[in-house]
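> The structure is given below, and queries will be raised subsequently.
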Amino acid sequence: MSIIPGIELVSASLQAEKIRLECITQNIINAQTTRGANGMPYQKQDAVFEAVLDKSLGLEGLQSVRVSKIMKDESAGSKMHKPGHPHADAHGMVEMPNVKIHEEMVNMISSSRAFEASLSVAHTAEGLARKTLSIGRLN
């Protein structure tokens, strides 16, 4: 058991949000990637979270969070008219990735705020632990 109660939960939350931010970053980086290793346009990826009952923490019914999988969005991307593009078809159309930058930016802000909230909880828990340890200490 940790000297700072709940720090394992905060750590799990931070790890899950880190993975989510990495997925969002990859989506933004590849928003214009028209051909990947499989010869197809890049497909958006999302981190799927799941709640996990964590009995190792010694508290009955306490739930943690983790990323259960990274899921590819199978929806089709848009087609753009770019006749000079190396991946254009006979009509000059290029199939683009299914990434929408404005949605990814909203997701990034949301994930950043969740990350900040978890850090705030960690700092508060640390402060409480320090105060608890200082009780009874002679000045």
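The values are calculated or read from the model by the stated rules, or taken from the named source; none is laboratory data. All of these numbers come straight from a predicted model, not from anything done at the bench. Positions of Cβ are generated from backbone atoms using ideal geometry, with glycine treated the same way; all protein chains shown enter the neighbour counts.
> Got a sec? Which of 117, 125 is touching a residue at least 60 places away in the same chain (Cβ under 8 Å) and either part of a helix (DSSP H, G or I) or not small (Gly, Ala, Ser) (or both)?
125
> Is it the case that segment 91-105 has a residue that's assigned to a loop (DSSP other than H, G, I, E, B) and surrounded by fewer than 11 Cβ atoms within 10 Å (Cβ to Cβ)?
There is at least one residue in segment 91-105 that is assigned to a loop (DSSP other than H, G, I, E, B) and surrounded by fewer than 11 Cβ atoms within 10 Å (Cβ to Cβ).
> A further question follows. Just to verify a result, which residue in segment 32-46, among those that are among the charged types (D, E, K, R) and at pLDDT 95 or above, is farthest from residue 76 (Cα to Cα)?
Out of the qualifying residues, it is 46.
> Could you look through segment 8-31, keep only residues that are β-branched (Val, Ile, Thr) and buried (at least 20 other Cβ atoms within 10 Å of the Cβ), and pick out the one that is modelled with the lowest pLDDT?
10
> Being under 16 Å from residue 42 (Cβ atoms) and of a type in the set (A, V, I, L, M, F, W, C) is the filter; apply it to segment 75-109 and report the residue that is modelled with the lowest pLDDT.
In this case the residue turns out to be 76.
> So, residue 93, is that one of a type in the set (A, V, I, L, M) and closer than 17 Å to residue 17 by Cβ or not?
Answer is no for this residue.
> Same structure, new question: Working carefully through the options 77, 84, 36, find the one that is exposed (fewer than 12 other Cβ atoms within 10 Å of the Cβ) and either assigned to a helix (DSSP H, G or I) or of a type outside the set (Lys, Arg) (or both).
Exactly one of 77, 84, 36 is exposed (fewer than 12 other Cβ atoms within 10 Å of the Cβ) and either assigned to a helix (DSSP H, G or I) or of a type outside the set (Lys, Arg) (or both), namely 84.
> If you take the residues of segment 110-139 that are surrounded by 11 or more Cβ atoms within 10 Å (Cβ to Cβ) and of a type in the set (A, V, I, L, M), which of them is modelled with the lowest pLDDT?
129
> Across segment 49-70, which residue is modelled with the lowest pLDDT among those that are under 30 Å from residue 31 (Cβ atoms) and surrounded by 13 or more Cβ atoms within 10 Å (Cβ to Cβ)?
65
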